[in-house]
1. Filter the stretch 152-201 down to the residues that are surrounded by 20 or more Cβ atoms within 10 Å (Cβ to Cβ) and assigned to a helix (DSSP H, G or I) and list them by number.
2. Could you check A194 against (1) touching an Asp or Glu at 6+ places or on another chain (Cβ under 8 Å); (2) small (G, A, S); (3) farther than 22 Å from L163 by Cα; (4) more than 10 Å from the ligand (Cβ to nearest atom) and say which number it fails?
3. Looking only at the stretch 128-139, filter to residues that are of a type outside the set (D, E) and surrounded by fewer than 21 Cβ atoms within 10 Å (Cβ to Cβ); which one of those is farthest from the ligand (Cβ to nearest atom)?
4. Let me spell it out: the conditions are (1) outside any loop (DSSP other than H, G, I, E, B); (2) crowded, with 23+ Cβ neighbours inside 10 Å; (3) near the ligand (Cβ under 10 Å from one of its atoms), and A104 meets all of them except one. Which number is the exception?
5. Could you tell me whether the stretch 234-243 includes any residue that is under 18 Å from G178 (Cβ atoms) and either in a loop (DSSP other than H, G, I, E, B) or within 13 Å of the ligand (Cβ to nearest atom) (or both)?
6. Quickly run through the stretch 59-91 and pick out the residues that are touching a Ser or Thr at 6+ places or on another chain (Cβ under 6 Å), part of a strand (DSSP E or B) and within 15 Å of the ligand (Cβ to nearest atom).
7. Take A184 and tell me if it is of a type in the set (A, V, I, L, M, F, W, C) and touching a Lys or Arg at 6+ places or on another chain (Cβ under 7 Å).
8. If you scan the stretch 1-52, which residues turn out to be modelled with pLDDT of 95 or more, among the aliphatic types (A, V, I, L, M) and in contact with a Leu (Cβ under 8 Å, 6 or more places away or on another chain)?
Amino acid sequence: MSCSSVMFSLFLMAPCPDGGGEDVSAAVAASVSNPQRPAADIAKDANRKPAEVLSFFNIEPGMTVLDLFSGGGYYTEILNSLVSEKGKVIAHSNEAYMSFVGDAFRQRHANGRLANTETVIVEVDDIELEDKSLDAAMLVLTWHDFMYADPENGWPAIDEKLLLNKLCAAMKPGAVLGLIDHVANSGDDPSQVAKDLHRIDPQIVEDSFKNSCFTLDTKAGFLSNPDDDHTLGVFDKSIRGKTDRFVFRFVKN
Ligand SMILES: C[S@@+](CC[C@H](N)C(=O)[O-])C[C@H]1O[C@@H](n2cnc3c(N)ncnc32)[C@H](O)[C@@H]1O
């Protein structure tokens, strides 16, 4: 049985054929199969492949995991059950994201339904994280937003180096920083393509992490889509949900 069908079983250990080749643990499978997950999230699984992603990022019960720019909380929801009551999820958002997905965020977190999750709404330059507290951080579909500022439309300039320094201090040695984003063609103007299409050239991300405390451990191809020529915005109906995405696993030194 393929690793993509893991959500239908708690005990599959099939290697993924299209990227990491990692096994899916029973805990990851159970968190993806959690009957509390909203149907709208489950409908996205075929394209987002959460079992493969969370296995590739080595997320396990008991961990403290930062979901930076958690958006509507698709990953927060799964992480909440995966880390279990022995761990913790920090679901971050900022003012601009809240103006887009605030309703989804509030519904997701209403009445403390995600019991293992703490919400933090703050501009990322001001985020405060406890030293050596994080076992993992997920930055999913968000790094491109650090490439531009658009204050007229509410998007602040983000100090990428400051963020990396904060993450370096907050993550434990060996902790995984999992990063996924929509691929842009190399040569495109980084800030323009980020602002207009919400994409980024993966090489720019690699370059940003050079000389930081993180090593690029492995890349995975299971969210690749060769039919995406990277010229359309990621919210274009013809490509939405199926964009060509890169998956990087960085490890804190
Ligand atoms: C700004 S992003 C990232 C927020 C959060 N980190 C997450 O992963 O959901 C959130 C938006 O991107 C959308 N999205 C997810 N996968 C996508 C894809 N492959 N192409 C286009 N949009 C996608 C989601 O539905 C959501 O509205």
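1. Across the stretch 152-201, the qualifying residues are L167, A170, V193, A194, L197.
2. Going through (1) touching an Asp or Glu at 6+ places or on another chain (Cβ under 8 Å); (2) small (G, A, S); (3) farther than 22 Å from L163 by Cα; (4) more than 10 Å from the ligand (Cβ to nearest atom) one by one, A194 breaks only (3).
3. Taking the stretch 128-139 first, the residues of a type outside the set (D, E) are 129, 132-134, 136-139.
Checking which are surrounded by fewer than 21 Cβ atoms within 10 Å (Cβ to Cβ) leaves us with 129, 132-133.
Details: L129: 17, K132: 24, S133: 20 Å.
By that ranking, first place goes to K132.
4. Unmet condition: (2).
5. Yes; the residues of the stretch 234-243 include at least one that is under 18 Å from G178 (Cβ atoms) and either in a loop (DSSP other than H, G, I, E, B) or within 13 Å of the ligand (Cβ to nearest atom) (or both).
6. D67, V89, A91
7. On the way: of a type in the set (A, V, I, L, M, F, W, C): yes; touching a Lys or Arg at 6+ places or on another chain (Cβ under 7 Å): yes.
Considered against the rule, which asks whether it is of a type in the set (A, V, I, L, M, F, W, C) and touching a Lys or Arg at 6+ places or on another chain (Cβ under 7 Å), A184 comes out as yes.
8. Initially, the stretch 1-52 is screened for residues modelled with pLDDT of 95 or more, giving 26-52.
Among the residues that remain, those that are also among the aliphatic types (A, V, I, L, M) are: 26-30, 32, 39-40, 42-43, 46, 51.
Listed by number, the residues that qualify are A26, A27, V28, A29, A30, V32.
The values are calculated or read from the model by the stated rules, or taken from the named source; none is laboratory data. Since this is a predicted model, take the numbers as computed values, not measurements. A quick note on method: Cβ atoms are made from the backbone with ideal geometry, for glycine too, and the neighbour counts reach across all protein chains shown.
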